[in-house]
Structures are given as C-alpha cells and as structure tokens.
Amino acid sequence: MSKILLVIERDLQSLIRHKSILVMRWFFVIVQIGIFGLAVSRLVVVMPNYYNYYAMGVIVMTMYSVAIFTGYEIYDEADDGFVEYLLSLPITRRELVLGRSLAGGLRSFIFMSPIIAVFLLIIGILDPLKLLTALAALYGFAFGVSGLSITLAVGLKSGDRFDIIMGALDAFIVRLSTALYPLAFMPGPIAAVSMFNPLSYATDLFRWSLNFNMRFLANPAVALVVLVIFLMTFNFAGVMIYERNLEGGSWR
Amino acid sequence: MAGLISMNLADLLIMAVVYTKMVSFNYFKFVAPGIVAVGLFAAAFVIGREVNNETRKGYNQYLLSLPIRRFELIIGRMIAGGARGLIYAIPLLVLAMWILTFPSVTQLGLIIFAMFLLGMGISGLAISLAVILRSFERFTTARSLIYLLLIFCSTVFYPLAVLQQLFGGILVIFAEANPLSTVSDLLRGYLMGTPPVTFFSWTELLLFSTVFILAGAGLYSLAIERSV
C-alpha cells in the first residue's frame, strides 16, 4: 500500500509542474460558465435554471479532461525513456498502474476543488450526505477515466494514434452525454448513445446531490452502479494491459 | 486535425441539433456558418505552432539557405496558412450550404474570398505570436487564451443581441470587432439573408487581415534573420 501511495505522491507532484495547463483549464471553465453558459441559457426556453444545469456539467466535464491527461503523460515518459526507469523500480506493475489511476482521479479532483467549492458557496451547500456521495462518485468517475486513458495509451503504444483517438473521443464523449443538455431533449439516436456514456451518469449524480430537478436527471442509484462498473472495468483492463504491454519498449 | 474535425462535426451534428430543440429558433441553421468560421480559424492557426517549433529548433537557418528570396518565403507562408485554413473549411462550408442554401456564383466567390482573407489574417496573428513568444509553453498558453476569447466572445454560437443584453462595455465591443463574428455574420448574410452584409463588415475584415498579415510578415522576417 505504501508503494501505491508513493506513486500517487509522485503523480500529484507532476500536477504542479504543469501550472500553465492548469491555469488555462481554469480559465476555460470560467469562460465556458461565465460567457457561453450565460449566453446559451438566455436562449433556452424549455427548461428553467438551465444555467445551473450547464455549469454543473462543465465542472464534471473538466474533471474528465484533466483525468484523461494521464495517458498523454505516459507518452511523454515513453519519449523521455522514463518508462524503463519506472519498470526498474521495486514496485509491481499492478501497484504502478493502480497508483497512477488513483493519482489521476485525485489530481482531477484537487484541480476542480476550488471551482466546486466556489460553486457550492454560490448555490448553497444542501444535503451533506448527498453531497458526499456525489463527490465520492465524481472521484470514482475521474479514477475510471484515468484508467481508461492508461488502458488506451498502453494498449495503442502509438502517440499519434492515441492523439487521434483521444481527440475524436473527447469531442464526442462530451456532446453525446448529458453534460450539456438533458436526455429529454436529445433526438433518439443521440439519447441512446448518451445512456451508455458514464459522463452522463457522473454529471447527473453531481446534479442530484445539489438538488437539481429530478425530472431532468438519471436515477441516482442507476448512476452509482454504472460508475462503479465503469471504474472497475477500465482499471481492471488497465492493469491487465499495462502489465502485458509496458515491457519491451516498441513505443511509436 | 482529427480532434479538430471531430469537434467541429460534433458541435454541428450533435450539439446544435439538441440545442435546436431547446431554443425558440432554428439553432442548427444559425450555428452552421459559425462552425465554418471556427474550423477555418483553428486550421489557419496551426501554422503558428509550426513556426514556433522551427524558430526554437533552428530550422530557420535551413529555410534561409534555400534559393528563395526572403519576401517570397514570407509571402508563401502567409498564403499557405490562409490556404490551409480555407481547404480545411471548404467541406464545412459545403455542409453549411447544403443545410442553408446554395448561394449565387458571385456570392460564393465573395464567401471564399472572405474566408481566405480571414485565414491569412489568422495565420498572420499566429505567426506574430509564435515569433514573439519563443517558449513553447508560453505560445500554447497564449494560443489557448486567444482561442477562448475569439471563439466564445463572438457571434459564432449566439447572436450579438444576447451578448449586449448580458454584458456591456469592452466585451461587446470585442465581440463586434472580432473577425470570427464578422465572418460568421458575413456567411449568415450570404447564406441566410440575415444579418445584412454591409460595407462595414468587409471593412472590418479587411482591416483585421491587413494589420495581421503585415504584422506577421514583418515579425517573421525579423525572427528568421535574428536566428542566424
């Protein structure tokens, strides 16, 4: 366990090295919520309080994009020859990948915590138990996304292919979810895909914890189950693929 | 580029389709010209990263050794930046025309000219940034800032009237002067009939492009000489 904690500590420290990226992400959140969110909520006529709905979605969406960053770091490490150093350490592959996934989720959480705190202050913290459940679920979601990112990165072992797939995935995963708009307003095919998207459940669970109108949200129990399955699947897959693929170089 | 294409298509074919059901007008038709402008902008800006890489890695010395005059090199890169943006945006334009209406030959010519002008202006802006901010990290930070400001403080995704209702002062002035707003509204004017295309819109676009083409060319010529 202490070795996993060491891996987590190391990855958390790397968050501080990428200060400019963090500052830009914060700025992105502020512009999205402060300009785009306000403007679009003025246009929306079918739903009261769309602005809060949207702001909550942007918070979770940004947690997703920070958690995905772990995969890009793996390629930077492969480029710098750092992977072989990690493999030489007295730590099992399993501990390494679990530590990295946990750290990825924690980084995303730490990064968004000031914005979440300010948002909670503005709208008022309501039921602490519900909020705790939602924050735990958000962390679980970010943990799962880190696992997904590691799984893809190590599975592909090609920086270019990873870049292309993540670019495409990023664009569609957000728009094919309830991060920006409720399921009720999506046409059939878009709604069908959104129902399989863990980002939909993570954002709806966060909204449920802040007492948003349940009419526009997924069932919180279902959301919890989906998130648990998601994080277990991708971290299990990440461990297996990481253990097999990390050896022997051949990074492209 | 794959990420860029995905984002533009996802914005138009998913986000705009859903928002159309949530607002009181045809948002899908409204945003289509805006997506064309965003696509053009992002593709034309790519030259900035390339110039920044070349400046940092000493590639400029190789370019200077080629049997090409300085001004030919500079003009060539500016035109290439604009052309690249235009080539990338043409499929999006065709999609927008298919959604809205096919313009007359004259209007189409004017649309392509406006897009090429924007592309060259954006390339000039990107090259200016790339040579001023030699550090890759500073360049990517500035680029992200510019992306955010130009895309979200514009009429790409919402009418100017909404920004005027919500904000005042400098943000609205920025949105009005924003070349992405100008080209989005020009495209709407030619493809939808509203807002009307005015002489002022063309003047704004010409002014932006001229300033940044000259700035980009001037700064690039200084940068490549300085690196020797």
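Throughout, read-outs are computed from the coordinates displayed, never taken from laboratory work. Quick caveat: nothing in here was measured; it's all calculated off a predicted structure. Note that we place each Cβ from the backbone using ideal geometry, even for glycine, and neighbour counts take in every protein chain shown.
Checking each residue in segment A:225-241 for being buried (at least 18 other Cβ atoms within 10 Å of the Cβ) and either under 22 Å from A:THR178 (Cα atoms) or without any contact (Cβ under 8 Å) to a residue 12 or more places away in the chain (or both) picks out A:VAL226, A:LEU227, A:PHE230, A:LEU231, A:PHE234.
Determine, yes or no, whether B:GLY39 is within 15 Å of B:ALA114 (Cα to Cα) and either in a helix (DSSP H, G or I) or without any contact (Cβ under 8 Å) to a residue 60 or more places away in the chain (or both). Before the answer, list the steps.
Working: within 15 Å of B:ALA114 (Cα to Cα): yes; either in a helix (DSSP H, G or I) or without any contact (Cβ under 8 Å) to a residue 60 or more places away in the chain (or both): yes.
When the stated conditions are applied, B:GLY39 passes them.
In segment A:17-74, the qualifying residues are those that are more than 23 Å from A:PHE172 (Cβ to Cβ) and aromatic (Phe, Trp, Tyr), and the one that is farthest from the chain's Cα centre (by Cα) is A:TYR51. One residue stands out among those in segment B:111-157 that are within 14 Å of B:GLY81 (Cα to Cα) and hydroxyl-bearing (Ser, Thr, Tyr): the one that is nearest to the other protein chains (Cβ to nearest Cβ), which is B:SER128. Checked against the criterion of being of a type in the set (Gly, Ala, Ser), within 14 Å of chain A (Cβ to nearest Cβ) and more than 22 Å from the chain's Cα centre (by Cα), segment B:23-43 has at least one qualifying residue.
Scan the helices (runs of 4 or more DSSP H) fully inside segment A:1-119 and keep the ones with 2 or more residues being β-branched (Val, Ile, Thr), crowded, with 21+ Cβ neighbours inside 10 Å and touching a residue at least 40 places away in the same chain (Cβ under 8 Å).
Hits in segment A:1-119: A:50-67, A:69-79.
From the list B:LEU108, B:LEU93, the one residue that fits, being out of contact with any Phe, Trp or Tyr (no Cβ under 9 Å at 6 or more places or on another chain), away from chain A (no Cβ under 14 Å) and either in a helix (DSSP H, G or I) or crowded, with 23+ Cβ neighbours inside 10 Å (or both), is B:LEU93.
Selection of segment B:163-179 for residues being in contact with a Ser or Thr (Cβ under 9 Å, 6 or more places away or on another chain) and within 13 Å of chain A (Cβ to nearest Cβ) yields B:LEU163, B:PHE174, B:ALA175, B:ASN178. May I ask you to verify whether B:THR182 is away from every other protein chain (no Cβ under 11 Å) and in contact with a Ser or Thr (Cβ under 9 Å, 6 or more places away or on another chain)? Judged against the criteria, B:THR182 is a match.
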